[in-house]
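Asker: Following this message is one structure expressed as structure tokens.
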Amino acid sequence: MAPPLTPASKAPFEDRLARILARHFEGFRQLKSCDRLSGGASQETYRLVMETEAGENVLAMRRAPAGVGESDAGPGLAAEALLMTEARKVDVPGPDVHYVLQAADGIGAGFIMEWIEGETLGAKIARADEFFAIRPKLAYQCGQILARIHSIDIEAAGLSGKLNTLTPHAFIHQMWDNYKAFKTPQPMIDFTARWLLENLPASYDMRLVHNDYRNGNLIVSPTDGIVAVLDWEVAHIGDPMRDLGWICTNSWRFGRSEFPVGGFGAREDLFAGYEAESGMKIDPEHVRFWEVFGSFWWAVGCLRMGERYRRRPTVGVEYPAIGRRTSECQIDCANLLIPGPIKELRPEPFSLSSDMPGSVELLKSVRDFLRGDIIEGTEGRTRFLARVGSNSLDIVLRELQLGPSHMAERLRGLRELFDCKEDFEKLQWRLVGELRDGSMPLDTPGLAKYLRQSVFTQIAIDQPTYSGFLNARKWGEC
């Protein structure tokens, strides 16, 4: 992640940016402000306000974080700018790209584009009263827009050779191989990879796939609906049903599981919009496959963020926090593939020191400081990161309460599954190994029960308000 724009580093960055604007925008007078927006762990987004002879002009800039690289698997920001330009030609709403940054500009890879007013916060789009009237129309709009994206002629658009080509089989293996490189045994991820490979779509077309089309990457107006599609950084050529499954993935419903499309609409409306625009019939089971893949993909993506922090701790507080979100995706996989009863562990009460303030009190004091003084006294990205930090401390506090019993329950489950008394780490790696080499069938007695319970208790530590956790609880206790 790029270093904060401190007084020592802010001026050179903004000076270079101002020189770029002066060269490429007629009538430029001065850069009045350059504010990084709160979201975006993989890429940075800035709001630029410049003064021109014609008056004030607001722009957006998308930039790769310094030292992180543009993307682990995407086509790069120059190709992303081209994708957005070509999408506008087939009536996909989005900003006009004004300038693609060059190496000589000295501020990294990225591009400067039109600023479009509207809301990008997925939770607000799914929940806020101001979007009440437009929400019923959004799923149908999403279907229409996706059909237009999938209609783009890759050769004619000059995109051939700029995008990766991924069949479903190759895509699964790409993500599975990425996860294996992290050296962390997460058997629910291996189970899901196996399920996906054993349930591949029978047929599909190869077309342009946005690959991150979801609530949170759309700009929505309360009156007009979707006014821009953003974040094309991982676009590729593949099965277009990937996009329909991704916008239905539970991670992007923002707690509104009753509305599977982005937390605002129904699958039937999404499919109807797509069919009306494309003329093709949607197979719901084909989309469901990609919905399962969506949770698998993001489970690995979250681990990648955590791994990035381990390689380079200076990237900041957001990355390890996202890393822990892998359990959210894993409980979604469990709910989709192996639903059933669970055992809910009761947290142990904290034992406070009678001598000096203990670790629990220290953690709570720092959490409350972040939630109070820092959040109330800051704004923008600093406020956002303070909230992330306070949430991470909540995870640590819950782990102190639930961690020992969780580990004991997992060890008991593994020993029961393998009918042996080996230690936890050996058994966990044995399970992962047998899932990877195919020697353990997915319907092995006791496997689903162990995975369900293990993932359920982990999400109880990481995020007990997550909708996937609440959905799992509805099955009741075993």
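Asker: Looking at region 347-404 only, could you name the residues that are at pLDDT 95 or above and over 29 Å from the mean Cα position of the chain (by Cα)?
Answerer: Ser365
Asker: Can you find even one residue in region 319-329 that is of a type in the set (A, V, I, L, M) and surrounded by fewer than 19 Cβ atoms within 10 Å (Cβ to Cβ)?
Answerer: Looking through region 319-329, none of the residues is of a type in the set (A, V, I, L, M) and surrounded by fewer than 19 Cβ atoms within 10 Å (Cβ to Cβ).
Asker: Please enumerate the residues belonging to region 372-399 that are touching a residue at least 60 places away in the same chain (Cβ under 8 Å) and within 18 Å of Val360 (Cβ to Cβ).
Answerer: Gly389, Asn391, Ser392, Ile395, Arg398, Glu399
Asker: Any chance you could count how many residues in region 335-366 are touching a strand residue (DSSP E or B) at 6+ places or on another chain (Cβ under 9 Å) and among the aliphatic types (A, V, I, L, M)? Spell out the reasoning first.
Answerer: Residues of region 335-366 that are touching a strand residue (DSSP E or B) at 6+ places or on another chain (Cβ under 9 Å), as a first pass: 341-344.
The next check asks that each one be among the aliphatic types (A, V, I, L, M); those that pass are 342.
Within region 335-366, residues that are touching a strand residue (DSSP E or B) at 6+ places or on another chain (Cβ under 9 Å) and among the aliphatic types (A, V, I, L, M) number 1.
Asker: For region 151-165, which positions are touching a His at 6+ places or on another chain (Cβ under 6 Å) and surrounded by fewer than 13 Cβ atoms within 10 Å (Cβ to Cβ)?
Answerer: Listed by number, the list is empty, since nothing qualifies.
Asker: Need pairs with beta-carbon distance below 7 Å; first residue on the phi > 0 side of the Ramachandran plot and within region 110-121, second of a type in the set (A, V, I, L, M); sequence gap 6+ or separate chains.
Answerer: Once the first residue is on the phi > 0 side of the Ramachandran plot and sits in region 110-121, its partners that are of a type in the set (A, V, I, L, M) give Gly110/Met61; Gly110/Ala64; Gly110/Leu77; Gly110/Leu101; Gly118/Ile219; Gly118/Val220; Gly118/Val227; Gly118/Ala228.
Asker: With the structure loaded, tell me whether Ala128 is within 30 Å of Tyr466 (Cβ to Cβ), without any contact (Cβ under 8 Å) to a residue 12 or more places away in the chain and either touching a helix residue (DSSP H, G or I) at 6+ places or on another chain (Cβ under 7 Å) or surrounded by fewer than 20 Cβ atoms within 10 Å (Cβ to Cβ) (or both) or whether it fails that test.
Answerer: Details: within 30 Å of Tyr466 (Cβ to Cβ): yes; without any contact (Cβ under 8 Å) to a residue 12 or more places away in the chain: yes; either touching a helix residue (DSSP H, G or I) at 6+ places or on another chain (Cβ under 7 Å) or surrounded by fewer than 20 Cβ atoms within 10 Å (Cβ to Cβ) (or both): yes.
In short, yes.
Asker: Would you check which residues across region 182-205 are modelled with pLDDT under 95 and aliphatic (A, V, I, L, M) and list them?
Answerer: Across region 182-205, the qualifying residue is only Ala202.
Asker: Which of the residues that make up region 335-353 are aliphatic (A, V, I, L, M) and more than 19 Å from Met407 (Cα to Cα)?
Answerer: Residues satisfying the conditions are Leu336, Leu337, Ile338, Leu352.
Asker: Still on this structure: Counting just the residues of region 258-286 that are closer than 15 Å to Pro136 by Cα and in a loop (DSSP other than H, G, I, E, B), which one comes out modelled with the lowest pLDDT? Talk me through it step by step, then tell me what you get.
Answerer: At the first step, the residues of region 258-286 found to be closer than 15 Å to Pro136 by Cα are 258-273.
When the remaining residues are screened for being in a loop (DSSP other than H, G, I, E, B), the result is 258-260, 262-264, 266.
Details: Glu258: 94, Phe259: 97, Pro260: 97, Gly262: 98, Gly263: 97, Phe264: 98, Ala266: 98.
So the residue we want is Glu258.
The values are calculated or read from the model by the stated rules, or taken from the named source; none is laboratory data. What you are looking at is a predicted structure, and each value in this text was computed from that prediction instead of being measured. All Cβ positions, glycine included, derive from the backbone under ideal geometry; neighbour counts span all protein chains shown.
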